[in-house]
Amino acid sequence: MKTINFSTVLASAVHDIKNALNILINNIDAISNTTVNAENKTELEQLQYQGKRINNHLIQLLVLYRINQSQYFPNLMETEIKEFLDEATDQYTSLFALKNITLTVDCADDLYWYIDCDLINGVLTNIMNNLYMHAKSKIEISARQESNTLILQIKDDGSGFSDEMMLTPFCSQQKKFSFNSSSTGLGLYFSSIAAEMHQNNGKSGYISTSNDGFNGGGCFSIMLP
């Protein structure tokens with residue numbers, strides 16, 4: 001029997017599923033744009049959210065596969081961070097409004113940094129998807145420069161991170177990885193790898209989590225050299 005590379009087959013299957021899912025999401029978008037019934041429109045937007053959430057997970061799997069196969073090389077480009085954050089979060093404004101959640105961005109207009117926009121956008125997308133489920137009424141994204149490091153922070157007023165999801169600058173890997181919990185940790189693992197792909201002057205990026213958000217809510221931080 002001919003031996004097959006299962007990881008390659010799996011990556012190909014994920015790619016095909018992602019393409020089919022994109023067609024489904026686009027069809028839902030088209031239907032939503034022509035729907036006037038408020039209740040139906042809300043249900044369609046929920047379907048859009050779930051579809052985009054699944055699509056984001058598939059993209060993460062493909063990127064992680066390419067990194068593991070040494071087929072992904074960071075494309076670090078000088079980026080206007082405020083504009084990048086505004087564009088990355090724009091698609092979530094109406095979605096969060098359905099749950100009366102306000103989303104604000106705090107960043108200087110003249111802050112520029114070298115980042116891989118695709119990787120960091122993937123990190124933000126994952127966080128936004130999670131906050132849709134966990135934030136209560138407030139989300140703040142901030143960006144600033146400290147000691148030759150770009151610090152991106154996302155704070156919310158939800159219930160905070162569990163002990164299993166708590167990461168520090170000295171421990172960027174999760175304590176546990178479980179399919180039995182409400183979250184396998186794929187998003188944080190992807191975020192950690194995405195941060196590490198940003199390297200400069202012998203330093204690598206990293207992430208941390210804490211419950212220093214609003215009223216004990218979560219605070220996700222990504223530090224890029």
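Worth pointing out:
- Of all the listed residues (S191, S142, S159), the sole one being assigned to a helix (DSSP H, G or I), modelled with pLDDT of 90 or more and polar (S, T, N, Q) is S191.
- Residue within region 107-130 that is in a strand (DSSP E or B), assigned by TED's automatic domain parsing to the domain that holds L150 and over 19 Å from M197 (Cα atoms) present: yes
- Only listed residue being assigned by TED's automatic domain parsing to the domain that holds Q60, closer than 18 Å to G51 by Cα and modelled with pLDDT under 80, chosen from A20, A30, A13: A13
- Residues of region 49-66 include at least one that is without any contact (Cβ under 8 Å) to a residue 12 or more places away in the chain, farther than 22 Å from I222 by Cβ and of a type outside the set (A, V, I, L, M, F, W, C).
- Pairs where the first residue, in region 129-148, is more than 15 Å from G213 (Cα to Cα) and the second is at pLDDT below 95 and of a type in the set (K, R), C-beta under 8 Å, 6+ apart: N129/K52; N129/R53; Y132/K99
The values are calculated or read from the model by the stated rules, or taken from the named source; none is laboratory data. Just so you know, these numbers come straight off a predicted model, no measurement behind them. All Cβ positions, even for glycine, are placed from backbone atoms using ideal geometry, and neighbour counts span all protein chains on display.
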